[in-house]
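The values are calculated or read from the model by the stated rules, or taken from the named source; none is laboratory data. Source: prediction; values computed, not measured. Counting neighbours? That spans all protein chains shown, and the Cβs are built from the backbone with ideal geometry, glycine included. Protein only, heavy atoms only, side chains kept; ligands, DNA and RNA dropped before computing areas. Shrake-Rupley method; radii C 1.70, N 1.55, O 1.52, S 1.80 Å.
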Amino acid sequence: MTEPLRIAIAGLGTVGAGVVAMVQSNAALIAARAGRPVEIVAISARSRSRDRGVDLSAYAWEDDPVALARRDDVDVVVEVIGGENGPAKATAETAIARGRHVVTANKAMLARHGQALAEAAEAKGVALRFEAAVAGGIPILKALSEGLAGNAVSRVMGVMNGTCNYILTQMEATGAPYATALAEAQHLGYAEADPAFDVGGVDAAQKLALLAAIAFGARVDFPGVAVEGIERVSIADIEQAADMGYRIKLLCVARQTGSGLEARTQPCLVPARSPLGALEGVTNMVVVEGDFIGRTIYTGPGAGAGPTASAIVGDIVDVARGVIRPAFGMPAAALVAAPRAGDEVEAAFYVRLALTDAPGVLARVAAALGDVGVSINVMRQYEHAAEEAPVIIVTHRTRRAALDAALERIAALDVCRAAPVALRIEEV
């Protein structure tokens, strides 16, 4: 096929401009790999006059991105507006209804509306592609849906938010508290002015919901992902974890259990010598475990103009080649609403307590844990100058509900000086 594939880009922020730059710079290479030219024909954004560092003069302009999706001279709509509803969703829906392929980086929209969009795309015989929505430049969705398609996946996990990983590694490297490391991340452009979406774990949880859907043949279930951010992680936690051979990461984990699918995004302790433990800065990493392949590891930049544009253009090239596969790796009608894992899932936990330094205190804590069946593996009391003693406990494997019950009892003791902190220890 020699007719060009005509694309329209809705949204010209960092990512949209990056797509324009890549298509312009590597036009001949992309055409050779796609088997046909790929041409931008139309664009849309909020500001027409803003300088985006690329030449946009050859492209038709639409003030309304939905009007962009209605154009007759467009084959593929690239949606990089962002947001789970509003213009982004309307643009994607209109494009599909008009028989246009959609390529998007919008994890928020897909985490909420991915099933409906996938069903609509299949009904129209068009592609809905979103490699750029998960882990930036790492082609993890293609790996799961194509390269590992013959494997039953048992677990997928990873570090998929560069902002959080940067903050945690800076805290460890410099000894700076969370607030200082966050401010530095904002100054360098790794964190937004309002960082809650990243540091609160929501961004990573949306990515995990999409990844789990493909890995386990399930409907996207973002509300089923347990979400906890890094705001309560202290420099003391990082130092004491390191003392025990661990590092703290905001970890995304999805796995099949006897009662259903477990999916969670939360700060966890991982062995410092493991690939995830050794991960530094804003880099992302995804680990997939399958029955025949064993463990495979994928790492690379998780955000930014270049990596995200690379993923988007990769999806565009597949469309140009005529590769129209189901959005989530199998027909949308075949995706099942996976039951959520019950409370019997067990793990070891790191617990930090601030206790009054007095005789009998540790015995009262041990009793509170023992009363609900939580067994202590390691207990350490660190040197201190004040009357408040920092105590670290590592439990044997237990249910989180049992641990929470014990921590509620401990928090109610008159010797507990601050709210207990508990972090899961993930075996990797």
Some residue of region 19-37 being free of Cβ contacts under 8 Å to residues at least 40 places away in the same chain and in a strand (DSSP E or B): no
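Among the residues of region 185-200, are any among the β-branched types (Val, Ile, Thr) and in contact with a Phe, Trp or Tyr (Cβ under 8 Å, 6 or more places away or on another chain)?
At the first step, the residues of region 185-200 found to be among the β-branched types (Val, Ile, Thr) are 199.
The next check asks that each one be in contact with a Phe, Trp or Tyr (Cβ under 8 Å, 6 or more places away or on another chain); those that pass are none.
So far as region 185-200 goes, no, none of its residues is among the β-branched types (Val, Ile, Thr) and in contact with a Phe, Trp or Tyr (Cβ under 8 Å, 6 or more places away or on another chain).
Among ILE81, ILE96, ILE9, which is the only one that is in a loop (DSSP other than H, G, I, E, B), buried (at least 20 other Cβ atoms within 10 Å of the Cβ) and hydrophobic (A, V, I, L, M, F, W, C)?
On the way: ILE96 fails: in a loop (DSSP other than H, G, I, E, B); ILE9 fails: in a loop (DSSP other than H, G, I, E, B).
The conditions single out ILE81.
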Given (1) closer than 25 Å to GLY16 by Cβ; (2) open to solvent by 20 Å² or more (accessible area, probe 1.4 Å); (3) assigned to a helix (DSSP H, G or I); (4) not aliphatic (A, V, I, L, M), index of the condition ASP194 fails: (3)
All positions within region 145-176 that are within 17 Å of ARG232 (Cα to Cα), among the hydrophobic types (A, V, I, L, M, F, W, C) and within 15 Å of the chain's Cα centre (by Cα): CYS164
Count of residues meeting criterion [open to solvent by 50 Å² or more (accessible area, probe 1.4 Å) and touching a Ser or Thr at 6+ places or on another chain (Cβ under 8 Å)] in region 325-339: 1
Which numbered condition ALA179 misses (of (1) among the small types (Gly, Ala, Ser); (2) at pLDDT below 95; (3) under 25 Å from ALA105 (Cβ atoms); (4) part of a helix (DSSP H, G or I)): (3)
Those residues of region 271-285 which are open to solvent by 40 Å² or more (accessible area, probe 1.4 Å) and among the hydroxyl-bearing types (Ser, Thr, Tyr), in sequence order: THR283
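Within region 303-324, work out how many residues are among the charged types (D, E, K, R) and surrounded by 15 or more Cβ atoms within 10 Å (Cβ to Cβ).
Residues of region 303-324 that are among the charged types (D, E, K, R), as a first pass: 315, 318, 321.
From what's left, surrounded by 15 or more Cβ atoms within 10 Å (Cβ to Cβ): 315, 318.
Total satisfying the criteria: 2.
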Count of region 12-34 residues which are at pLDDT 95 or above and open to solvent by 40 Å² or more (accessible area, probe 1.4 Å): 9
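Filter region 177-187 down to the residues that are in contact (Cβ under 8 Å) with a residue 12 or more places away in the chain and open to solvent by 20 Å² or more (accessible area, probe 1.4 Å), then identify the one that is nearest to the chain's Cα centre (by Cα).
Here is the first cut: in region 177-187, the ones in contact (Cβ under 8 Å) with a residue 12 or more places away in the chain are 177-178, 181-182, 184-185.
Then keep just the ones that are open to solvent by 20 Å² or more (accessible area, probe 1.4 Å); that gives 177-178, 182, 184.
Details: PRO177: 24, TYR178: 21, LEU182: 19, GLU184: 22 Å.
Within region 177-187, the match that is nearest to the chain's Cα centre (by Cα) is LEU182.
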Options VAL270, VAL227; residue that is under 19 Å from the mean Cα position of the chain (by Cα), at pLDDT 95 or above and under 15 Å from ALA212 (Cβ atoms): VAL227
Residue ranges of strands (runs of 3 or more DSSP E) in region 343-404 with at least 1 members touching a Ser or Thr at 6+ places or on another chain (Cβ under 8 Å) and free of Cβ contacts under 8 Å to residues at least 40 places away in the same chain: 376-381, 388-395
Hits in region 35-73 (condition: out of contact with any strand residue (DSSP E or B) (no Cβ under 8 Å at 6 or more places or on another chain), of a type in the set (Lys, Arg) and open to solvent by 40 Å² or more (accessible area, probe 1.4 Å)): ARG46, ARG50, ARG70
Subset of region 121-149 [free of Cβ contacts under 8 Å to residues at least 40 places away in the same chain and either aliphatic (A, V, I, L, M) or open to solvent by less than 20 Å² (accessible area, probe 1.4 Å) (or both)]: ALA123
Number of the exception - LEU110 against (1) under 30 Å from ILE297 (Cβ atoms); (2) open to solvent by 10 Å² or more (accessible area, probe 1.4 Å); (3) assigned to a helix (DSSP H, G or I): (2)
Looking only at region 150-161, and only at residues there that are touching an Asp or Glu at 6+ places or on another chain (Cβ under 8 Å) and of a type outside the set (A, V, I, L, M), the one that is surrounded by the fewest Cβ atoms within 10 Å (Cβ to Cβ): SER154
